[in-house]
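Notes follow the structure.
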Amino acid sequence: MKIGCYYRVGFSKGTFSFGGSDEHTESIVLTAENWSIGIGSYNPNDDEELEQAILYMGKDKGDIEYPPIFDETNFVRYTVSSASESKEGFEFKLLDYSYPEIVFKVAWIKNEIYDKSTYEDALDFWLT
C-alpha cells in the first residue's frame, strides 16, 4: 500500500447502515437473504477527530458536529470512514507505516430464530 492512497474494504452487494460504536471502533451491518453481515473498524484518530469537532462546534454544546474536513496534521496510521457514497463498506487512507497492519473485522450470522435487529445487534457487539 502507498501512503496517501485511498482503499476500500467492503462488499459489492447490499447497503450497509451504522451498527454502533465504542472505544475508537465502529461497525456497519446489513441483512440480506436471511444473513446478517457486519464489518468493524478501529479508528486510531478518534480522539483527535473529537477534539476538532469540539473546536468546530464552538461554545454551543449539543450534538457533536464534525467539521466537513479534518486537519490531518496530528493524525497517525490511517484515516477511516464509513461515509462512502456507495455505503458498501469502509474507506481508508494510509498515512504512515508506523503500524504493521490494518485490521477490519468481519462477521456474519444466519437469521433463523430471531428478528434481524437481534442478529445485527449481536454483530455490532462482536465487531466493536
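Are there GluC sites (Glu not before Pro) in the stretch 1-64 that DSSP puts in a loop and that have at most 12 other Cβ atoms within 10 Å, and which ones?
23, 33
What is the Rg over Rh value, at two decimals, for the chain, using alpha-carbon atoms and the Kirkwood definition of Rh?
My calculation puts Rg/Rh at 1.01.
Relative contact order for the chain: what percent, with Cα pairs under 8 Å and sequence separation of 6 or more?
Relative contact order, the chain: 37 percent.
With +1 on each Lys and Arg Cβ and -1 on each Asp and Glu Cβ, how big is the dipole of the chain about its Cα centre, in debye rounded to the nearest 20?
For the chain, the charge dipole is close to 500 debye.
Find, among the trypsin sites (Lys or Arg not before Pro) in the stretch 31-128, those assigned to loop by DSSP (not H, G, I, E, B) with at most 12 other beta-carbon atoms within 10 angstrom.
Sites meeting the loop and neighbour criteria: 59, 61.
At 0.36 nm per residue, and after removing the present C-alpha to C-alpha distance, how many nm does the segment from residue 17 to residue 75 gain when stretched out fully?
In short, 18.3 nm is gained.
Roughly speaking, what is the centre-to-centre gap between the stretch 6-63 and the stretch 73-128 when only Cα atoms are used, to the nearest Å?
Between the Cα centres of the stretch 6-63 and the stretch 73-128 lies a distance of 7 Å.
Tell me the Kirkwood radius of the stretch 1-42: reciprocal of the mean inverse pair distance over distinct alpha-carbon atoms, in Å.
Radius from the Kirkwood sum: 11.9 Å.
Sort 9, 76, 29 by accessible area with a 1.4 Å probe, largest first.
Result of the area sort, largest leading: 76, 9, 29.
Rank 20, 94, 117 by how far each Cα sits towards the positive end of the charge dipole of the chain (+1 on Lys, Arg Cβ; -1 on Asp, Glu Cβ) and give me just the farthest.
94
To the nearest 500 deg cm²/dmol, what mean residue ellipticity at 222 nm is calculated for the chain from DSSP H runs of n ≥ 4 alone, each contributing -39,500 (n - 2.57), summed and divided by the residues?
It comes out at -6000 deg cm²/dmol, rounded to the nearest 500.
If you take every residue apart from residue 36 with its C-beta less than 12 Å away from the C-beta of residue 36, what net charge results, scoring Lys and Arg +1 and Asp and Glu -1?
-4
For the chain, report the accessible area per residue in Å² (1.4 Å probe, heavy atoms, rounded to an integer). Present the calculation step by step, with values, prior to reporting the outcome.
Details: 8590 Å² over 128 residues.
Ligands and nucleic acids excluded, the figure is 67 Å² per residue.
In the stretch 1-40, which trypsin sites (Lys or Arg not before Pro) fall in coil by DSSP and have 16 or fewer other Cβ atoms within 10 Å?
2, 13
The values are calculated or read from the model by the stated rules, or taken from the named source; none is laboratory data. All figures in this text were calculated on a predicted structure; none of them were measured in a lab. Methodologically, a virtual Cβ is constructed for each residue, glycine included, from the backbone with ideal geometry; neighbour enumeration extends over all protein chains shown. Heavy atoms of the whole protein, side chains included, go into the accessibility calculation; ligands, DNA and RNA do not. Shrake-Rupley method; radii C 1.70, N 1.55, O 1.52, S 1.80 Å.
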